[in-house]
Amino acid sequence: MNNDFITIKAINKTYENHIALNNVNLTLGEGDIVSLLGPSGCGKTTLLRIVAGLETPDTGDIMIQGNSIANLQPEARKFGLMFQDLVLFPHLNVSDNISFGLEMQGISRQDTKGRVDELLSLVNLTQLRERKIQDLSGGERQRIALARALAPNPRLLMLDEPMGALDSHLRQTLYIQIRDILKNLGTTAIYVTHDRNEAFAVSDYSVIMNNGHIIQTGPPHEIYSKPKTKFVAQSMGFQNLVNVYLTMESSKTFTTPFGLITIPSTHNYLSDRELEGTLVIPEFSISLATSDIAIDSYFEGILLRKIFQDGNYKIQVRIGETILHFVSNLEINLPPIGAPVQISIDWSSVIVIPNDLKTILG
């Protein structure tokens, strides 16, 4: 983060008996793109609407460079909004949609035309200036909506599930373009999504939310490699999450379904008072055992499923009561479903994390 440009301080919001936001604190640096990531109902859209001035917090403050904007009306905050339902005006063409907000602000016709030209070039749609909205593809509408939101040079751009209505392939193309455009302009932005790949591709850092709380904040690679709780690990797509218990004999040795396993201290994120945690085993840590691996490194299991996807087999193996997921390339000869298999686990790449929110929330 470059500096404390926007500060969200101790925000609380309750609807009847539902706590939507609980003591939320967050700082954005100027030019940062921050993603709010979490399941439906976690509070991310409520937080966005409070920042925009569309909702009023029960307590807390929103500040720009140290000055409170809590009492400002939405239009006075000079923020831009882009929602999933784009709300483009069907009776106006592309150029008029982009210029609408500028004309409402009393910007001259010449300056408005120059800004529209600039933005159409930025989103690579200059040739569609006179096109009707209903004649645009979904991706084109998305870029026009972005251009319209950027037209007044907002101090902050807020995007709420902007790709939700598009297919996955088009989403991937567009969110990369959106990041490039925002970075080119140096626009500070909050990007709300429930898709971690989208969040990580667009943002400089991510905010993981659940049940009205901020659970973890950091650059995408840091959150992925060092999730602070089981919930965060699940949000990152980790499937191999196993309950483990610290032994009384050592601060590094855990009782697991695979026997006693020693985990380096640098990979153990439990506090001193926690004796139970979750072992996170990345898919790449697991492989079918081969003849060059010592026999005591094998774990015997049953092959439950093999699914061919993206040029590899996605494998499920049951070891006792534990099911492990990993990927195997096509060069490995897989036995039939139900047959015994041996796997090996690279223990140097696993981590132990807390099970729930207690460590984070105190």
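No value in this document is a laboratory result; all are computed from the given coordinates. All figures in this text were calculated on a predicted structure; none of them were measured in a lab. Because the Cβ atoms are built from the backbone with ideal geometry, glycine has one as well, and the counts that use them run over all protein chains shown.
Some observations on this one:
- Counting 0.36 nm for each residue step from T266 to E75 and taking away their Cα separation leaves a gain of 63.9 nm.
- The Cα center of segment 56-117 and the Cα center of segment 146-193 differ in position by 14 Å.
- Per-peptide average of other Cβ atoms within 10 Å, ordering 210-216, 241-247, 267-273 highest first: 210-216, 241-247, 267-273
- Against the set (1) 78, 46, 37; (2) 47, 47, 47; (3) 66, 44, 40, the structure's computed Cα extents along the principal axes in Å falls on (1).
- Only one residue of H267, S287, M248 has its Cα farthest out toward the positive end of the dipole of segment 231-361, where Lys and Arg carry +1 and Asp and Glu -1 on Cβ, and that residue is S287.
- Computed per residue of the chain from DSSP H runs no shorter than four, each worth -39500 (n - 2.57), the mean residue ellipticity at 222 nm is -7000 deg cm²/dmol.
- Antiparallel content of DSSP bridges confined to the chain, in %, to 5: 75
- In segment 39-148, GluC sites (Glu not before Pro) in a DSSP loop with at most 12 other beta-carbon atoms within 10 Å: E130
- When all alpha carbon pairs of segment 14-113 are counted in 5 Å bins from zero, the resulting P(r) reads 2, 9, 17, 19, 17, 15, 11, 7, 3, 1, 0 %.
- Contact order for segment 6-228, expressed relative to its length and based on alpha carbon pairs under 8 Å spaced 6+ residues apart, stands at 31 percent.
- The ranking of T56, T126, T278 by Cβ neighbour count inside 10 Å, starting from the fewest, reads T56, T126, T278.
- Debye log10 I(q)/I(0) for segment 231-361, one point scatterer per Cα, at q = 0.09, 0.13, 0.17, 0.21 Å⁻¹: -0.28, -0.58, -0.93, -1.28
- Pairs of lysines in the chain (C-alpha under 13 Å apart; 8 or more residues apart or interchain): 4
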